[in-house]
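Visitor: Handing you this structure, nothing more for now.
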Amino acid sequence: MTMTTDETSFALISKAGTAFSMMIDALGDAREHNFEKAEEKKQEAEALMNEAHNLQTNLIVNEVNGEGNQVNVLLIHAQDTLMNTVLMSTIVDEFLSLYKAGK
């Protein structure tokens, strides 16, 4: 079953937004030196982020195959949410390294 652009957008927002929140939680765990818990949350967040990225890739493939996507504020918000989550992933990796070095 093919999802509509709006359905894909909602799924992207949900997965990427949850991943972002989990990464924030992982930072809190790392700050408390609970690195095992932080790494678990980060891995779960990465899995969700990858699912969101796969949804984005499907949109791109549809576009390339001539199946246009309805570009609207919802899709733009979904793309922004994913982009911010990808950036947060990089930042969290750096902070985890810093917290571990400073134990």
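The values are calculated or read from the model by the stated rules, or taken from the named source; none is laboratory data. Computed from a predicted structure; not experimentally measured. Cβ placement follows ideal geometry from the backbone for every residue including glycine, while neighbour counts extend to all protein chains displayed. Just so you know, the surface numbers come from the protein's heavy atoms only, side chains and all, with ligands and any DNA or RNA stripped out. Shrake-Rupley method; radii C 1.70, N 1.55, O 1.52, S 1.80 Å.
Visitor: Over the stretch 1-42, with every protein chain in place, what whole percent of the accessible area is carbon and sulfur at 1.4 Å, could you tell me? Walk me through the numbers before you get to the answer.
Guide: Values: 1240 of 2340 Å².
Here it works out to 53 percent.
Visitor: Report, in deg cm²/dmol and to the nearest 500, the calculated mean residue ellipticity at 222 nm for the chain, where each DSSP H run with n ≥ 4 adds -39500 (n - 2.57) and the sum is divided by the residue count. List each step's numbers first, then the result.
Guide: On the way: 3 runs with 86 residues, N = 103.
Taken over the chain, the calculation gives -30000 deg cm²/dmol.
Visitor: Using only Cα atoms, find the angle between the long axis of helix 5-31 and the longest principal axis of the chain, and express it within 0 to 90 degrees, rounded to the nearest 10.
Guide: 10 degrees
Visitor: Run the reach check for residue 37 against aspartates and glutamates, Cα to Cα strictly under 16 Å, same-chain hits fewer than 8 apart removed. What comes back?
Guide: The qualifying aspartates and glutamates are 25, 29, 46, 93.
Visitor: Compute, for the chain, the length of the dipole vector about the Cα centre, with Cβ point charges of +1 (Lys, Arg) and -1 (Asp, Glu) only. Units Debye, rounded to 20. Let's see the in-between values first.
Guide: On the way: 7 positive and 16 negative charges, 59 e Å.
Dipole magnitude for the chain comes out near 280 debye.
Visitor: Still on this structure: What is the Cα coordinate range of the stretch 45-103 on the first, second and third principal axes, sorted by size from largest, in whole angstrom?
Guide: Its Cα atoms span 53, 20, 14 Å along the three principal axes.
Visitor: Could you sort the peptides 11-22, 43-54, 64-75, 89-100 by per-residue average Cβ neighbour count (10 Å cutoff), highest mean leading? Provide the component values of the computation, followed by the final result.
Guide: Numbers: 11-22: 20.9, 43-54: 17.1, 64-75: 11.2, 89-100: 14.0.
By packing density, highest mean first, the sequence is 11-22, 43-54, 89-100, 64-75.
Visitor: For the chain, compute the orientation-averaged projected area of the C-alpha convex hull (one quarter of its surface), in nm². Intermediate values should be presented prior to the final figure.
Guide: Working: hull surface 26.4 nm².
So the Cα hull casts an average projection of 6.6 nm².
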